[in-house]
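The values are calculated or read from the model by the stated rules, or taken from the named source; none is laboratory data. Because the structure is predicted, anything quoted here is derived from the model rather than measured. Positions of Cβ are backbone-derived with ideal geometry, glycine not excepted, and every protein chain shown enters the neighbour counts.
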Ligand code: MEV
């Protein structure tokens, strides 16, 4: 049995502003999704199993090719998912599409059973879906008879995330970060860049409770931008500066400076209207406990916060009633499991 793992991702800087072209940065963390692959002699078909949802379906090569061809010809991602509603469970469709796309490119991957699991909490802004798509794309690439580039393996994983989120722009930061591990920056203008980590970073995550959907908080920012464009643009610029200075501070291992930019980035997100009472209470508590920095991470409106702090600070935050979970940076991404590269 072959196993591929890919890490979850937290947003260190730049969420929301990245939608308006500004710089963002993300870090891979030591929580993993995994795909195991077994030989399967069941009539030469491909099994895809999601034990977390008690789901398993068998696909013939012809079905996978049909899925891939409809995906390539899609008018919109929503129409594509809706079209398959009665034929394929929508939780399996992203993964059938990834495998189908490899088959459609001319390389058979043979009769196999893919089991996809995640230890990353779902819908918490930790990119569990991106990590599953990356692990599966790498696992399928390892079986694929043709040649491929890292860019193509990432592109197939992006297909999975696009379908999961029903959004053509989904996964632009999460997928490359889960693929490469470490720290990744992204903006529309500069694309994906692998950033240097000058020293090991102690990060903790806190789930501050129920969150608004990312679509909802993206809508809040979009309305603010429509109603007061200069104000919103100034906030995006200040977030962009936080990301630039923060990435440079990460490169030299200056945690005081990284943390200062995290607090400043959080303040700008508060002004954008995407924080919550729980997130603000946590950030104040982290500051009072002496954390280098803290901020919401991802879409906001509740949900996950990240803190740059050591174990002692984490204990102090726990005493204030927050479940503070240390995670380490995962320098190993899904790419570490890729066998041959072209
Ligand atoms: C959500 O994790 C990140 C956002 O910036 C949305 C996006 O980049 O598409 C809020």
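Key figures
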quantity: Residue 137 vs. criteria in contact with a helix residue (DSSP H, G or I) (Cβ under 7 Å, 6 or more places away or on another chain), within 16 Å of the ligand (Cβ to nearest atom) and in a helix (DSSP H, G or I); calculated: no
quantity: Strands (runs of 3 or more DSSP E) contained in the range 149-234 and holding at least 2 residues free of Cβ contacts under 8 Å to residues at least 24 places away in the same chain; calculated: 191-195
quantity: Output for the range 91-122, where each listed residue is in a loop (DSSP other than H, G, I, E, B), in contact (Cβ under 8 Å) with a residue 24 or more places away in the chain and under 17 Å from residue 50 (Cα atoms); calculated: 91, 92, 119, 120, 121
quantity: From the options 209, 273, residue that is in contact with a helix residue (DSSP H, G or I) (Cβ under 6 Å, 6 or more places away or on another chain), more than 13 Å from residue 16 (Cα to Cα) and not assigned by TED's automatic domain parsing to the domain that holds residue 11; calculated: 209
quantity: Enumeration of residues in the range 34-93 that are under 22 Å from the mean Cα position of the chain (by Cα), farther than 20 Å from residue 166 by Cα and surrounded by fewer than 12 Cβ atoms within 10 Å (Cβ to Cβ); calculated: 51
quantity: Residues located in the range 1-26, provided they are in a strand (DSSP E or B) and within 13 Å of the ligand (Cβ to nearest atom); calculated: 8, 9, 10, 11, 12, 13, 24, 25, 26
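Residues are listed down the side, and each one gets a yes or a no for (1) on the phi > 0 side of the Ramachandran plot; (2) at pLDDT 95 or above; (3) within 16 Å of the ligand (Cβ to nearest atom); (4) touching a helix residue (DSSP H, G or I) at 6+ places or on another chain (Cβ under 8 Å):
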| residue | (1), (2), (3), (4) |
| --- | --- |
| 287 | no, yes, no, yes |
| 319 | no, yes, no, no |
| 330 | no, yes, no, no |
| 338 | no, no, no, yes |
